[in-house]
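Every number here is computed from the coordinates shown, using simple stated rules; none is lab data. Computed from a prediction, not measured in an experiment: that's the story for all the values here. Don't worry about glycine lacking a Cβ; one is built from the backbone with ideal geometry, like all the others, and counts go over all protein chains shown.
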Amino acid sequence: MPDLIRNFCIWCQRPSSDIKLSKDHPIPQWLLEHYGLLDKEIAPAEYRKTEMKVRRHRWARLEVRDACTECNNGWMSQLENEAKTLLLDLAGRSVPIAQLSAQQEEILARWAVKTAFMLHRAAYKPIVIPPTAYESFYLRTNEFPQGTFVFAFQDDNTLDNPINGFQSQDWTIHADYGAVIGVAEQLKRTTKISIRIGRLHLLVAYLGDGGLEPVGWFGVHHPLRPTHCRLWLDAGLKRERITARLESSLMLMHVSLGLGSGVSQSDLQRGWTADFEERHEAAFAKVTMLDQEL
């Protein structure tokens, strides 16, 4: 899908003739200030076939002009205020994800979707999340756009760059051979967006309405919304292995989230092979070079 002409608010859908579009910072200024990153230079990158495209600017210049002033200063600002203390507590691991209340999970998941959707607008990659998904999120305050899944994870690392992220359309597919052919076209309308804040990792997967399901890994993907993931793989991963490789937590969480099409939990277990984790390690090694700031 080509990039959209910015002549309306991506959230409320009102035309620019009726509103004033404002600059939105997908990573909020208060969070950058907290970590002292406003003036830090970042190098967002994307691979296009074999060529890597890179642009450089300060964190403070990561912005998009897709939200109207009313949305930006209204419900988006309110959501930031609701999530602020929770995000910092989770990022510092003073609060474990497993101890969150249902209300806290809801706030965290909504913040993750709002932030990931705006990061998607700011990225190099083609826009695949349609305006209808943004409008649905805006209109249905108690629901999430169809095909949107949110996961969380915490690690034990202390890193020099406390905020980072990654976007891709790369998935491990779990499906019958005949179904894989049809899945290939559906994948063009999917994306997954990872966000790391300190020791907190958030992953938003947008799968649209094609019937695809996320396949999570035990011990890595904690489902926030929906609160239950139907399909799981147990890779036998040990926390010490996950956290030993600096950036592995973000990348492992991102790479290992797969997709299922027409498969059951028993199908996944039957299809398990001894080298599955090793193959993901190889995939992790290939994308580590892309693990740069957003």
Taking the Cα-to-Cβ direction at residue 180 and at residue 209 and moving 7 Å from each Cα, how far apart do the two end points lie in nm?
2.9
Apply the Karplus curve 6.51 cos²θ - 1.76 cosθ + 1.60, θ = phi - 60°, to the phi angles in the stretch 82-93 and return the couplings in whole Hz, x for Gly and Pro.
5, 8, 4, 5, 4, 4, 5, 5, 5, 5, x, 6
Of the convex hull drawn through the C-alpha atoms of the stretch 152-195, the volume per residue in Å³ is 98
For the pair residue 30 and residue 7, the simple spin-label estimate (label points 7 Å beyond Cα toward Cβ) gives in nm 3.6
Subtracting the Cα-Cα distance from 0.36 nm times the residue separation, let me have the gained length for residue 135 to residue 218 in nm, one decimal.
26.6 nm
Distance (nanometres) between label positions extended 7 Å along Cα→Cβ at residue 17 and residue 169
3.3
